[in-house]
Amino acid sequence: MKKSNLLRAGAVLVSLSFVVTACGGSDDAASDTTAPAAATCESPVASIALQFPETGDAANLGAPMLKGATLAINEFNAANPDACVTLKTFDTQGDPAKAPAVAQSVIDDATILGLIGPGFSGESLAALPLYDEAGLATITGSATNATIQDQGFKVFHRILANDAVQGPAVAKYIAETLKPASVGIIDDASDYGKGLADAVKAAAGDSVVATDSIDPKAADFSAAVSKMKDANPEVIFFGGYYGEAAKLSTQLRDAGVESTLVFGDGVKDQAGYADAAGPAAEGALIACPCKDGSADFTAAWQAANNEVPGTYGAEYYDAANVLLNIIKAGAKDRAAVLAAVKAYDAPGITKQIKFTANGEATEASTIYMYKVTDGKITYVADIK
């Protein structure tokens, strides 16, 4: 892909359902979080949908999803002004309880030929039965729960590694790089957080000396903090999202717990974790199957958003382009789009994109480790 194409103007963005046009938060900058200005698509040939958390507690992770998809729409419509495609956004707040109604709204719009998302694992498990019945192709760039692909959904596709890859990779990094004698594990009881924590626990084996779960809606995590303080593990892994991770980090440090803190991809948010936790986040390690993308992509993102790419931004850019390329090639209905997604094999900015029979990316074996250094989330190493 060429930088000049990426920098062309004009996002086409149709706000529907629960959606507003501005989005809050980003992975690596907190100063400018609005989406690029919308432009008009006079004669759209089709629409694609984005199901994601635009508002709510996880909105910081949703913002880069929208920006990545919008950037892909910019490029496509600049190159194809007479056959433009609209992006219709649907906000679930990351809540599985809201996902079925949102999915039905997507399905009822006959112009929508494919969906990017769902954003999170719980909402994916709640919405995919409806999408499967409707035959609407879905491509998520962020839902990593390792059971989704085993449910038999014919429409499910995932563009990044799942937690069955991420969990052992995190455990491998802990064992081979940190080399602790003991590990504590905490999760937030969500489909994502518990699934990832369980994968790390299974791979970590006998080094695990304490485990606990927290209620993410609670303000006080003192029970888990006390349990970890008593066990005194050298490393603590938390499976959950950035808001709870920031509170947990602060409460652990306030209690005098000095364990190295390690997190999964749901915590990779500069404003939501590193900035919110402040000094308590310093030195924390964050694993993610997400990749920042090419230099041209980064430059285009910065030009459009006045910030560096956020978590999952590159994956949602790639996911959008899969659907856009298929529509450009002539697919005119949902069945044709679904068949083309299953046969897709082309380079993206994060990897060569091709899917297995159960919807997993064939090239999704690398996890990337990041570290909070001087208050900033920075890349450390690949874990393979």
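No value in this document is a laboratory result; all are computed from the given coordinates. Here the structure is a predicted model, which is why all the values come from computation and not from measurement. Ideal geometry is used to build each Cβ from the backbone, glycine not excepted, and the neighbour counts take in all protein chains shown.
Can you give the % of DSSP beta bridges in the chain that are antiparallel, to the nearest 5? Don't skip to the answer; put the middle values down first.
Values: 15 of 51 bridges.
Percent antiparallel among DSSP bridges in the chain is about 30.
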Point to revise | Only Lys, Arg (+1) and Asp, Glu (-1) charged, at Cβ; region 249-384 dipole about Cα centre in debye | key: 540
Review point. In terms of modelled amide H atoms, which long-range or inter-chain residues lie less than 5 Å from the amide H of T89?
Key: V14, L16, L50
**Study point:** Whole-Hz couplings from phi, Karplus 6.51/-1.76/1.60, listed for region 149-159; x for Gly and Pro
**Key:** 5, 9, 7, x, 5, 7, 9, 7, 9, 10, 9
Study note, to complete from the structure: The pairs in K172/K354; K98/K201; K154/K201; K88/K328 lying past 23 Å Cα-Cα in this model are K172/K354; K98/K201; K154/K201
Revision key, fill the gap. Residues whose built amide H sits under 5 Å from the amide H of I353, excluding neighbours closer than 5 in sequence, are A346, G348
Exercise for review: Consider the candidate values (i) 0.97; (ii) 1.49; (iii) 1.00; state which one is Rg/Rh (Cα atoms, Kirkwood Rh) computed from the structure displayed.
Suggested key: (i)
Practice item. Rounded to the nearest 500, what is the 222 nm mean residue ellipticity of the chain from helices alone, with -39500 (n - 2.57) per DSSP H run of 4+ residues and division by all residues? Key: -11000 deg cm²/dmol
Practice item. Taking the Cα centre of the chain as origin, sum charge times position over the Cβ atoms of Lys and Arg (+1) and Asp and Glu (-1), and report the length of that vector in debye to the nearest 20. Key: 820
**Study point:** Inter-label distance, nm, simple model (7 Å from Cα along the C-beta direction), A339/T55
**Key:** 4.1
Exercise for review: Using the Cα centre as the reference, give the magnitude of the dipole from point charges on the C-beta atoms of region 272-322 (Lys, Arg: +1; Asp, Glu: -1; all else neutral), rounded to the nearest 20 debye.
Suggested key: 60
Study note, to complete from the structure: Computed ³J(HN,Hα) along region 317-327: with the Karplus parameters 6.51/-1.76/1.60, θ = phi - 60°, integer Hz and x for glycine or proline, the list is 5, 4, 4, 4, 5, 4, 5, 5, 5, 5, 5
Check your understanding: Which lysines have a Cα less than 16 Å from the Cα of K268, not counting those fewer than 8 places away in the same chain?
Key -> K247, K291, K371, K376
Review point. What order, most packed first, do the peptides 80-88, 315-323, 202-210 have when packing is the mean number of other Cβ atoms within 10 Å of each residue?
Key: 315-323, 80-88, 202-210
**Study point:** Estimated vicinal HN-Hα couplings, Hz - region 335-341 in sequence order (Karplus 6.51, -1.76, 1.60; Gly, Pro = x)
**Key:** 5, 5, 5, 4, 4, 6, 4
